[in-house]
């Protein structure tokens, strides 16, 4: 199966499936994806994360200011409605702390956070510094789909992408160098023809690999 067949089978980026238009670089759209990434980064099912994000969307919450304005009780209600009840108090604490820090340090605009970052490493560290609970998994999910949109967003392939890429034959089984793996995935996706448009569309391939990896996990857990 080639990369485009994989995308056709599993679908592309998660943000597009949620109706989030990251290509516009709009601060509101990017913040919506940040909220979704925090939900996807928790140890819950993807379906619950999607339902919970849809609750935020239906209430028009697309900025840190709106999250803070919604308040503790309002956020708990949103998470409970989405099926997030096991983690609601912990997640609400994280959301409020992160949004307040984003407003305090970057005027509530993730684009400003990006512009102040020196490189990808600094970008990742600034995102983690927004608050406890923003870890490697959430940051990787978030930045993966901003590849080619934010110049400094160059996250390395996650564990699940590496595993799926090996299973699908896009990288060698013995490969551990994630920088080299990223180059190989880009080459597979572009047919060796690198360019800005190809980099912008690479997240569709990466997201399809994530979905392939999740499907494999579900099959294994049923056995």
When residues of the range 22-34 are filtered for being on the phi < 0 side of the Ramachandran plot and either outside the structural domain of residue 62 (by TED's automatic domain parsing) or touching a residue at least 60 places away in the same chain (Cβ under 8 Å) (or both), how many remain?
-> 7
The range 95-105: number of residues that are surrounded by fewer than 19 Cβ atoms within 10 Å (Cβ to Cβ) and touching a helix residue (DSSP H, G or I) at 6+ places or on another chain (Cβ under 7 Å) | 3
Of all residues in the range 1-23, how many are more than 18 Å from residue 186 (Cβ to Cβ) and part of a helix (DSSP H, G or I)?
-> 9
Is it fair to say residue 191 is free of Cβ contacts under 8 Å to residues at least 40 places away in the same chain and at positive phi?
-> yes
Got a sec? Which of 157, 172 is assigned to a loop (DSSP other than H, G, I, E, B) and surrounded by fewer than 19 Cβ atoms within 10 Å (Cβ to Cβ)?
-> 172
Check 48, 78, 44, 35 and return the single one that is surrounded by 15 or more Cβ atoms within 10 Å (Cβ to Cβ) and not in a helix (DSSP H, G or I).
-> 44
Filtering the range 127-151 for residues that are over 19 Å from residue 15 (Cα atoms) and surrounded by 19 or more Cβ atoms within 10 Å (Cβ to Cβ) leaves a count of 1
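The values are calculated or read from the model by the stated rules, or taken from the named source; none is laboratory data. No experiment lies behind these values; they were computed from the predicted model shown. Cβ sites come from the backbone with ideal geometry, for glycine too, and all protein chains shown count toward neighbours.
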